[in-house]
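Heads up: the structure comes next, in structure tokens.
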Amino acid sequence: MFQDLHALHTDRSGRRILDLFAADPGRAERFCADLGEMRLDYSKTLIDADIRAALIALCEQAGLAARREAMFSGDAINETEGRPVLHTALRNLDGGPVLVEGRDVMPEVRATLARMRVFADAVRTGTLSGAGGAFTDVVNIGIGGSDLGPAMATLALAPYHDGPRCHFVSNVDGAHIADTLRGLDPTRTLVIVASKTFTTIETMTNARTARDWMQRGGGDPARQFAALSSATDKTADFGIPDAHVFGFADWVGGRYSMWGPIGLSLMIAIGPDDFDAFLRGGQAMDDHFRSAPWAENMPVMLALTGIWHHQVCGYPSRAVLPYDQRLARLPAYFQQLEMESNGKSVAMDGTALDQAAGPIVWGEPGTNGQHAFYQLIHQGKQIVPCEFMVAARGHEPELDHHHRLLLANCLAQSEALMRGRSLSEARAIVAGRGHDDAELDRQARHRVFEGNRPSTTLIYPQLTPDMLGRIVALYEHRVFVEGVILGINSFDQWGVELGKELATSLGPIVEGTQPATGKDGSTAALVAYALRHRDH
Ligand code: F6P
């Protein structure tokens, strides 16, 4: 499937990205994809017209158009779980019916969204209150897809935040909930238990701890708890009244779920209207993904750039580098989105893949990363394709000079990665320091930057709710396109199961109520160590 691309890769070896710009002054305009004022620039890569054509041919070979329509129209494309994949229905505000087994699911989606609006408004205005008065704080308890999306987006959209304070507890480590609840008023805190399955051990343990804390502190869990789940039969057993339960169907995958009830904490933080704007941003990306020709299609070109770098060039990871402090949680969010979706070893039909499907995804906001790991990105032997992201303007007009510095740094990094610095340029820098020629050469070699390192830049006017919706949907569809081309199921996650099972079996062993029989020597010795040191 990748033969033509491998041949092109070999043929282009030694070519420099800068030469592509020299040969084609219009390259920046030709190697980008736009959606309104949002632009994905992939010109700082070695992708040229032939490579792009060969990449686009992959879409045809994989039947991408048909798979895309199968997803949007509710076919059970998650074949290992026998489910449709319809998170797009949650943001289908202006679209027509979406049929699952012949039934339009949109009336239910709209009804749940309307209930969320009423609930969020009631919390925000104080119409709904705790035992001690209007809610001052909201604690979302969830993990993975039931945490990362709303946590990431609530921070990202802090300038739009005008509701109660929002906190996110995910880790089963008691430190997380203890640190979060410390200082909160148990009579004026709303606890939202977010769990698609309502069985996840971390979430249920934290939810019980929060309930005990509330009861001890004079709060009223019957009034002050809400649940977001597909397992609405289990929420009543926990004591959460139906009026506070927001359900969603099993065709919404956990890591794709922030568009619906799992986004309730975000809606409470920024308000229903801004939440709608977020949904509309996602919907705008859906419309673009369904209609734009491949070469102008942002999710498709982002996916093909990823395929080129990972499958063809063989770079094992990619860095996502938002130049926006409020996108600090975006790399973690993308790690789940991309690695839980495409970290697979078998094709949809069960046959083994002959190469890795999804790359390792990692990153940090700029400029902080520059003072940490960028050394390796610039001079390490490994090549790490970088995905920069930056807004033309921030939200602090009085601090505009900060934003200009931020922008300059972002653009400087992609330029430096591409341009590099030659040995003769490095020699010129250290010349005149009194070194003999051998020492001058030695000093200069440490200052050489190979350059020719690829990056993409996503640039947009400002990080608004609408823009965040576009960005998240862009990456969702990118993951889908990569999955289709690789022939895998991007919508299951069997790889998380074994660890969960073993943790359950280790429970009584680390409690000390069962021997470590059958465990390997290392695990048994570590358990013994922990038991010896357990008591303070
Ligand atoms: O870690 C596995 C996983 O199933 C994720 O896919 C999911 O987002 C997370 O656990 C939380 O699951 P739930 O929402 O059912 O609690």
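The values are calculated or read from the model by the stated rules, or taken from the named source; none is laboratory data. Worth saying up front: this structure is predicted, and the values here are computed from it rather than measured. Note: ideal-geometry Cβ built from the backbone for every residue, glycine included; neighbour counts use all protein chains shown. All accessible areas refer to the heavy atoms of the entire protein, side chains included, with ligands and DNA or RNA removed. Shrake-Rupley method; radii C 1.70, N 1.55, O 1.52, S 1.80 Å.
Taken together, 385, 316 contain a single residue that is in contact with a His (Cβ under 9 Å, 6 or more places away or on another chain), open to solvent by 70 Å² or more (accessible area, probe 1.4 Å) and modelled with pLDDT of 95 or more, which is 316.
Number of residues in the range 99-150 that are aliphatic (A, V, I, L, M), away from the ligand (no atom under 16 Å from the Cβ) and assigned to a helix (DSSP H, G or I): the value is 10.
Scanning the range 257-270 finds no residues that are of a type outside the set (Ser, Thr, Tyr), out of contact with any Lys or Arg (no Cβ under 9 Å at 6 or more places or on another chain), free of Cβ contacts under 8 Å to residues at least 40 places away in the same chain and within 16 Å of the ligand (Cβ to nearest atom). In the range 423-468, the qualifying residues are those that are open to solvent by 20 Å² or more (accessible area, probe 1.4 Å) and among the polar types (S, T, N, Q), and the one that is nearest to residue 278 (Cα to Cα) is 464.
For the range 344-360, a tally of residues being part of a strand (DSSP E or B) and either surrounded by 10 or more Cβ atoms within 10 Å (Cβ to Cβ) or in contact with an Asp or Glu (Cβ under 7 Å, 6 or more places away or on another chain) (or both) returns 2. Only one of the numbered conditions (1) over 11 Å from the mean Cα position of the chain (by Cα); (2) more than 30 Å from residue 14 (Cβ to Cβ); (3) in contact (Cβ under 8 Å) with a residue 12 or more places away in the chain is violated by residue 315, and that is (2).
Looking across the range 70-98, the residues that are touching a helix residue (DSSP H, G or I) at 6+ places or on another chain (Cβ under 8 Å) and either in a helix (DSSP H, G or I) or open to solvent by 50 Å² or more (accessible area, probe 1.4 Å) (or both) come down to 71, 72, 80, 87, 88, 89, 90, 91, 94, 97.
Tallying residues that are open to solvent by less than 70 Å² (accessible area, probe 1.4 Å) and either in contact with a Cys (Cβ under 9 Å, 6 or more places away or on another chain) or at positive phi (or both) within the range 496-520 yields 1. The residues of the range 449-472 that are among the β-branched types (Val, Ile, Thr) and in contact with a Ser or Thr (Cβ under 7 Å, 6 or more places away or on another chain), listed by number, are 456, 457.
Within the range 485-495, if we keep just the residues that are under 22 Å from residue 86 (Cβ atoms) and not in a loop (DSSP other than H, G, I, E, B), the residue that is most open to solvent (accessible area, probe 1.4 Å) turns out to be 494.
The listed residues are 173, 185, 250, and the only one of them that is of a type in the set (Asp, Glu), under 26 Å from residue 503 (Cα atoms) and either open to solvent by less than 20 Å² (accessible area, probe 1.4 Å) or away from the ligand (no atom under 13 Å from the Cβ) (or both) turns out to be 173. When restricted to residues that are without any contact (Cβ under 8 Å) to a residue 24 or more places away in the chain and either open to solvent by 60 Å² or more (accessible area, probe 1.4 Å) or assigned to a helix (DSSP H, G or I) (or both), the range 17-35 contains 9. Scanning the range 521-536 for residues that are open to solvent by 100 Å² or more (accessible area, probe 1.4 Å) and either assigned to a helix (DSSP H, G or I) or in contact with a Gly (Cβ under 6 Å, 6 or more places away or on another chain) (or both) yields 526, 529, 532. Name every residue in the range 225-236 that is surrounded by fewer than 24 Cβ atoms within 10 Å (Cβ to Cβ) and more than 12 Å from the ligand (Cβ to nearest atom), in order of residue number. Once the filter is applied, which keeps residues that are surrounded by fewer than 24 Cβ atoms within 10 Å (Cβ to Cβ) and more than 12 Å from the ligand (Cβ to nearest atom), the range 225-236 yields 232, 233, 235, 236. Identify, by number, the condition in (1) open to solvent by less than 60 Å² (accessible area, probe 1.4 Å); (2) out of contact with any helix residue (DSSP H, G or I) (no Cβ under 9 Å at 6 or more places or on another chain); (3) of a type in the set (Gly, Ala, Ser) that residue 57 doesn't meet. Of the numbered conditions (1) open to solvent by less than 60 Å² (accessible area, probe 1.4 Å); (2) out of contact with any helix residue (DSSP H, G or I) (no Cβ under 9 Å at 6 or more places or on another chain); (3) of a type in the set (Gly, Ala, Ser), the odd one out for residue 57 is (2).
Among residues of the range 496-508 that are closer than 15 Å to residue 518 by Cβ, those with a Cβ under 6 angstrom from a residue that is open to solvent by 60 Å² or more (accessible area, probe 1.4 Å), sequence gap 6+ or separate chain, pair up as 508/514.
Residues in the range 296-318 that are farther than 25 Å from residue 95 by Cβ and either touching a helix residue (DSSP H, G or I) at 6+ places or on another chain (Cβ under 6 Å) or part of a helix (DSSP H, G or I) (or both): 304, 305, 306, 307, 308, 309, 310, 311, 312, 315.
A search for C-beta distances below 6 Å between a residue of the range 345-372 that is under 30 Å from residue 413 (Cβ atoms) and acidic (Asp, Glu) and any residue that is open to solvent by 70 Å² or more (accessible area, probe 1.4 Å) and at pLDDT 95 or above, counting only pairs 6+ apart in sequence or on different chains, returns nothing. With the structure loaded, tell me whether residue 178 is farther than 23 Å from residue 87 by Cβ, open to solvent by less than 40 Å² (accessible area, probe 1.4 Å), in a helix (DSSP H, G or I) and more than 12 Å from the ligand (Cβ to nearest atom) or whether it fails that test. Judged against the criteria, residue 178 is not a match.
Is it the case that some residue within the range 369-378 is in a loop (DSSP other than H, G, I, E, B), open to solvent by less than 60 Å² (accessible area, probe 1.4 Å) and touching a Leu at 6+ places or on another chain (Cβ under 8 Å)? Checked the range 369-378: no residue is in a loop (DSSP other than H, G, I, E, B), open to solvent by less than 60 Å² (accessible area, probe 1.4 Å) and touching a Leu at 6+ places or on another chain (Cβ under 8 Å). Kindly indicate whether residue 111 is among the small types (Gly, Ala, Ser) and open to solvent by less than 20 Å² (accessible area, probe 1.4 Å). The answer is no for residue 111.
Of all residues in the range 192-220, those satisfying the criterion of being open to solvent by less than 20 Å² (accessible area, probe 1.4 Å) and more than 16 Å from the ligand (Cβ to nearest atom) are 214, 219.
Considering the range 486-517 alone, what residues qualify as being more than 21 Å from residue 310 (Cα to Cα) and of a type in the set (A, V, I, L, M, F, W, C)? Answer for the range 486-517, where residues must be more than 21 Å from residue 310 (Cα to Cα) and of a type in the set (A, V, I, L, M, F, W, C): 494, 496, 498, 502, 503, 506, 509, 510, 516.
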